[in-house]
1. Taking the Cβ-Cβ separation of residue 281 and residue 83 as r and a Förster radius of 35 Å, what is the calculated FRET efficiency to the nearest 0.05?
2. Could you give the length gained by full extension between residue 91 and residue 253, i.e. 0.36 nm per residue of separation minus their alpha carbon distance, to one decimal place?
3. Can you tell me how much longer the chain between residue 43 and residue 271 gets when fully stretched, taken as 0.36 nm per residue apart minus their C-alpha distance, in nm with one decimal?
4. Checking the a/c ratio against 1.5 first, then a/b against b/c, what shape does the Cα gyration tensor give for the range 43-84?
5. What angle do you read, to the nearest 10 degrees and between 0 and 90, between the alpha-carbon axis of helix 150-160 and the longest principal axis of the chain?
6. Which of rounded, prolate or oblate describes the range 32-135 when judged by the alpha-carbon gyration tensor and an a/c cut-off of 1.5?
7. What percent do you get for the relative contact order of the chain when only Cα pairs under 8 Å and 6+ apart count?
8. Antiparallel as a % of all DSSP beta bridges within the range 42-155, to the nearest 5?
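Derivation of every value follows stated rules applied to the coordinates shown; laboratory data play no part. None of the values given here were measured: they were computed from a predicted structure. Don't worry about glycine lacking a Cβ; one is built from the backbone with ideal geometry, like all the others, and counts go over all protein chains shown.
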């Protein structure tokens, strides 16, 4: 799938900007495993224009964990900063590692410290690597071919809910629960709903399979009485959930009623209908898989 634009849209949701570079610097702390596009993160503790200056700052750092190791990020070009060859990376890792007050362990350390050279400046801090949690959700017991893939679903949750705390979310056309699974696995407070009783049973089975505690309710979006901070709606489009333009418009109208912010996923243009009910499109992208396109729109 061509997900370049999706990646940048998620970046804008998380950080307020995007970049063509293969790294970014931000004060916002995002858990790397939340995103299918973030590989690793360095939480900077010290920085200096030289390794010697960095050593002076790191010298005597007491490690609270039982073991540690130092890992240099520069295994590839990072923007204008060229890759550091393997022997040189190992040398600076040892140089910094030797001044840390702790027990070094290369194979299975309790904590990893990252070391990074970027535009002539050295950075040191705690290193976090992403776990592809969404990959495990591919193997759910119930699925259908036209459902969102787990990678796309996870990114869409991040686009709709970049900040998790105190945010209440609903997926009122949840299908077999792909979005709900991804959201719950990240700690998002979300409820699922679908008009099909059989689909609801499948969605509940998927949640139970991954030991996720969430609510799936049967019923149309028109019956939703509560109000939510965010709604995520994959507009029905396949032969199992075909809806007319009138029914599609009603879903959009009901979404305007029940949520302050809505992320729509659609295969057709719905811009006119969004405008008719008073939605403003804040951001958008197209995720492509061969000839198949899904439009992702963030509306308020």
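1. Calculated value: 0.30.
2. Details: separation 162, 0.36 × 162 = 58.32 nm, distance 6.14 nm.
Stretched fully, the residue 91-residue 253 segment lengthens by 52.2 nm.
3. Result for the pair: 78.1 nm of gain on full extension.
4. Working: a/c = 2.76, a/b = 1.56, b/c = 1.76.
In terms of gyration-tensor shape, oblate.
5. Once rounded, the angle reads 90 degrees.
6. Oblate is the answer for the range 32-135, as a/c is 1.5 or above yet b/c matches or exceeds a/b.
7. Answer for the chain is 16 percent.
8. 65
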